[in-house]
Amino acid sequence: MTDLDLRLVRYFTAVASHLHYGRAAAELHIAQPSLSRQINQLDAQVGARLLDRTRQGTQLTEAGEAFLPHARELLRSSERAGAAARAAARPTRITVGYTVGLIVTPAVQNLRQKHPDADVRTLHLEWNEPREALLDRRVDAAVTRLPLQTDGLHVTVLYDEPKLLLVMVGHRLAGKESVTLDDIDSEPIPRFPDPEFDAYWRIDPRPGGRPAPDGPAVETIEDKLEYIAAGQAVAIIPAALHSAGIRPDLTTIPLHGVEPGHVVVATRAADRGRLVAPFRTSACACLNGAGVLHRP
């Protein structure tokens, strides 16, 4: 079979999306008769008619239905290939993502010192964005916390991070030197939509297999803080959030008897960008949770 022309494949997916030649032609900024000829050329390359035009409108043929998902994946693959090539052609640019409470400045400064011609950028990410931001190439490295789906990623643990209990200032436990899970056995803890993240930060199940107390459903950290400030919940948080300056109507207490969290640097597993490995090295050498630059 003749190699497929990606331009024609793109034209076909536009018509398939609209099921209307006129609207597809307007989107593609070409004349409708020309679009019809291009689709006919694609039919010839594929060896089957992909679209039917009737009085009722334009419809996909059985061949078109079978071809469409492969056509879309072919275009996505082409876009990824182009993005990878452009990234390789700009070896002196890297974007570093980071999530709330984590300081990347020492590692970024270290990379700039070692690569003075590099264009090193930073981008704040929401708690649930690092994996998606890496895979869609908004960032080339991300300093974030576990849990994190690691398939397709290269993940290195940088340091452990203690966990604290966050409560309202007037809470019965506020002011205690420390607490354990037994002290909050009946305290509601907000639930996040991501099951792995939710189970990890609610410590669900608890030691012995008992479920963690239920709590209000939230989607953002700000909503979680509002429930806690209102006395309707407590939360287990990473220690860095305390130093990041949480609301004055909230306070933290050391939480004993639980495993610490883990701060990691993540990159795309197959990324061969020339600054990716150097940044990972800088992160391992310079980031220890204190925001202090340690000379390797």
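Only residues that are modelled with pLDDT of 85 or more and on the phi > 0 side of the Ramachandran plot were counted in the stretch 55-101, giving 1. Within the stretch 134-145, at least one residue is modelled with pLDDT of 95 or more and assigned to a helix (DSSP H, G or I).
Against the conditions (1) surrounded by 12 or more Cβ atoms within 10 Å (Cβ to Cβ); (2) of a type in the set (D, E, K, R); (3) at pLDDT 90 or above, Glu259 satisfies every one except (1). Evaluation of Leu135 against the conditions (1) over 24 Å from Arg280 (Cβ atoms); (2) among the aliphatic types (A, V, I, L, M); (3) in contact (Cβ under 8 Å) with a residue 60 or more places away in the chain; (4) surrounded by fewer than 18 Cβ atoms within 10 Å (Cβ to Cβ) shows that the sole unmet condition is (1). If you check Leu50 against the conditions, is it surrounded by 13 or more Cβ atoms within 10 Å (Cβ to Cβ), without any contact (Cβ under 8 Å) to a residue 40 or more places away in the chain and either touching a helix residue (DSSP H, G or I) at 6+ places or on another chain (Cβ under 6 Å) or assigned by TED's automatic domain parsing to the domain that holds Ala141 (or both)? Against the criterion (surrounded by 13 or more Cβ atoms within 10 Å (Cβ to Cβ), without any contact (Cβ under 8 Å) to a residue 40 or more places away in the chain and either touching a helix residue (DSSP H, G or I) at 6+ places or on another chain (Cβ under 6 Å) or assigned by TED's automatic domain parsing to the domain that holds Ala141 (or both)), Leu50 qualifies.
Of the residues making up the stretch 63-121, those that are touching a residue at least 40 places away in the same chain (Cβ under 8 Å), assigned to a helix (DSSP H, G or I) and among the basic types (Lys, Arg) are Arg72, Lys114. The helices (runs of 4 or more DSSP H) found entirely in the stretch 1-57 that carry 3 or more residues being over 39 Å from the mean Cα position of the chain (by Cα) and over 19 Å from Arg76 (Cβ atoms) are 32-46.
For the residues Ile39, Ile94, the requirement of being surrounded by 14 or more Cβ atoms within 10 Å (Cβ to Cβ), in contact with a strand residue (DSSP E or B) (Cβ under 7 Å, 6 or more places away or on another chain) and closer than 30 Å to Gly273 by Cα singles out Ile94. Scanning the stretch 245-261 finds one or more residues that are aliphatic (A, V, I, L, M) and within 27 Å of Thr122 (Cα to Cα).
The values are calculated or read from the model by the stated rules, or taken from the named source; none is laboratory data. Computed from a predicted structure; not experimentally measured. No Cβ is skipped: glycine too gets one built from the backbone with ideal geometry, and neighbour counts run over all protein chains shown.
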